Structures are given as structure tokens and as C-alpha cells.
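Working notes, beginning with the structure itself.
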């Protein structure tokens, strides 16, 4: 599995605060990779470091096979870090044309129009950005990150300020970039349900350190339980014992998949009617909370 980003003991300190604290991480090529963490976890610091905007205190990182700041590697990347800002007197089309030329690209009106369409800004293409909402500015920022047709794109909170239809459109765009065009997408988001829907793998950070990493399917399957709609409940609980927990009118059983057929047979033999049996997994939010907790300190918030 080829890595597009590798960090080894990467550290960024501000006085006594370690925004990144010996971070070792490998992000594979291809697909959509989420970088998660509470405020102050170090996500934005990591992105700024990888883009060469700030220098690490110690450690090293490779991006697209080159060291931080490598010009050839940088040209193969696109990024949008936090809410972008543009000259308010320019239209979306002018901004995209101007910045694509700043990247050394030739003027290509068809290409500009195509990216404006893909991020949902066709109708607003010739409006001045001073009247844009936060969500519209995010869309334009994503278009700018993609105008160079990079192999790797880093998106920090790409759906910030968007309404539900806009979030759904952005999710579809991100999956299309990965699945159809082979672009590796790395994104940070606090919308964990969206991350679970769109990402293949995630890294969970806390206080500048990596606390969990893996495929979304594997992380959420770790809390898998068998949910049973049965009657009578008392008889079913007698079979399950401490493996079963009442959840409303159902029972959630802590059993492995291989044990499920024997359990259902045992329930039926005891005169229990099983009307439904389905597997339910832990969602990404519960995994996230178990790894990071919910209490933020003023020091950690400053660090991000």
C-alpha cells in the first residue's frame, strides 16, 4: 500500500504546548481519508506543516514522496485550509481564472466552467464573492483546490456552512474524485456522520497524538451487537443472561457472529418468538468519543 503522506515523530511546539507530539502516521494512496479530533487535536497544525506553511520543531514528513516544501511534490497537491477569503470585488469565475493562472495554468474558460459546475456554483459564477455565504465560499475554495487537477487534495472542513443538500452534493463530489478520478482526498470534519459515510479510513488525533487509525468499517464493527426483537422478553433474557441488555422493546446481545445461529436456536427451543435479528455496529461518533473524551482545555484549544 503506497503512502502519499508519511510522518515520523513529527512535533510542533509553541512554548510548552505540543500542537503535534511525536506524530507518526501513514496515509495510503487512493480513496478518502479522514483526519478527526476535537478542537486542539492538531489537525490544522498537521495540514499547515504538510503544506510547508509552518516548520515542524522536530521529526520529519514525506508528502508525495518528497520532503516538506519540495516543489515537484507541492505541484501535485491541492488544498483548502479553513474558510477561504477572496477579493470581494471579483466574481467566482474571475477568482478561479485568476488563481489558476497564478498556478501557471493557461486560461481555460471551459475548465473553469466545469469546476464551477462540479462544486455547484454555476448560477453564482458571475456574482461578486462579497455576497457569498460561508457555504458558497467553501465551494469556491474546493474548486480552487482542484483546478490544477492534483493527485492529492487536502480539505479542511469542506462542508462548513452548508445546508443538508449542499453537504450531500459535496459528499458525492468527494467520492467521485476518489472513485472516478483516482485523487486521494484527505479531509478534516467535525461532522462524524458524514465522515462515516464518505471516508474509507480515518485517523483519530488527540492532543497532537494519534490515538486510533483504521478502516471505518473495522472501527465501527468493533462494537457490533445482535439486536433481537423477541417475545416474551423474560424468557429470552433467561437464555442470554449477562450477554443481553434490554433496549426498549428489544434486546441487544453481546455475541460473536459465529454464535448467533446457536443462540437463535436456543431461544426458539425455549419457546421464544424471534421476529427480527439484525447486527448493529458502533457508529463513528461513539468510537471517537471513547478515544478522545469530550472535555477540552484552554491550552489544547490554543494548540490547534
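Observations on the model:
- Filtering the stretch 198-239 to residues that are farther than 30 Å from residue 23 by Cα and buried (at least 22 other Cβ atoms within 10 Å of the Cβ) leaves 226, 228, 230, 236.
- Every test in (1) within 20 Å of residue 160 (Cα to Cα); (2) free of Cβ contacts under 8 Å to residues at least 40 places away in the same chain; (3) surrounded by fewer than 16 Cβ atoms within 10 Å (Cβ to Cβ); (4) touching a helix residue (DSSP H, G or I) at 6+ places or on another chain (Cβ under 7 Å) is passed by residue 88 save one, and that test is (2).
- Segments classed as helices (runs of 4 or more DSSP H), wholly inside the stretch 194-304, with at least 2 members that are at pLDDT 90 or above: 233-240, 260-269
- When residues of the stretch 240-273 are limited to those that are more than 30 Å from residue 284 (Cα to Cα) and in contact with a helix residue (DSSP H, G or I) (Cβ under 7 Å, 6 or more places away or on another chain), the one surrounded by the fewest Cβ atoms within 10 Å (Cβ to Cβ): 271
- Criterion applied to 177, 173 was being touching a strand residue (DSSP E or B) at 6+ places or on another chain (Cβ under 9 Å), in the same structural domain as residue 81 (by TED's automatic domain parsing) and surrounded by 17 or more Cβ atoms within 10 Å (Cβ to Cβ), and the one residue passing it is 177.
- Looking across the stretch 59-74 at every residue that is without any contact (Cβ under 8 Å) to a residue 12 or more places away in the chain and within 23 Å of the chain's Cα centre (by Cα), the one that is surrounded by the fewest Cβ atoms within 10 Å (Cβ to Cβ) is identified as 65.
- Flag if residue 120 is surrounded by 14 or more Cβ atoms within 10 Å (Cβ to Cβ), part of a loop (DSSP other than H, G, I, E, B) and assigned by TED's automatic domain parsing to the domain that holds residue 170: yes
- Condition met for residue 112 (assigned to a helix (DSSP H, G or I), in contact with a helix residue (DSSP H, G or I) (Cβ under 7 Å, 6 or more places away or on another chain), at pLDDT 90 or above and crowded, with 21+ Cβ neighbours inside 10 Å): yes
- Filter pass, residue 77 being within 20 Å of residue 147 (Cβ to Cβ), within 20 Å of the chain's Cα centre (by Cα) and either in contact (Cβ under 8 Å) with a residue 12 or more places away in the chain or not assigned by TED's automatic domain parsing to the domain that holds residue 193 (or both): yes
- Inspection of the stretch 47-58 finds a residue satisfying the criterion of being surrounded by fewer than 22 Cβ atoms within 10 Å (Cβ to Cβ), touching a strand residue (DSSP E or B) at 6+ places or on another chain (Cβ under 6 Å) and part of a strand (DSSP E or B).
- Any chance residue 197 is in the same structural domain as residue 29 (by TED's automatic domain parsing), over 21 Å from residue 84 (Cα atoms), without any contact (Cβ under 8 Å) to a residue 12 or more places away in the chain and under 21 Å from the mean Cα position of the chain (by Cα): no
- Residue satisfying condition, being at negative phi and in a helix (DSSP H, G or I), within set 73, 107: 73
The values are calculated or read from the model by the stated rules, or taken from the named source; none is laboratory data. Note that the structure is predicted; figures quoted are calculated from it, not measured. As a convention, Cβ positions derive from the backbone with ideal geometry for all residues, glycine included, and neighbour counts pool all protein chains shown.
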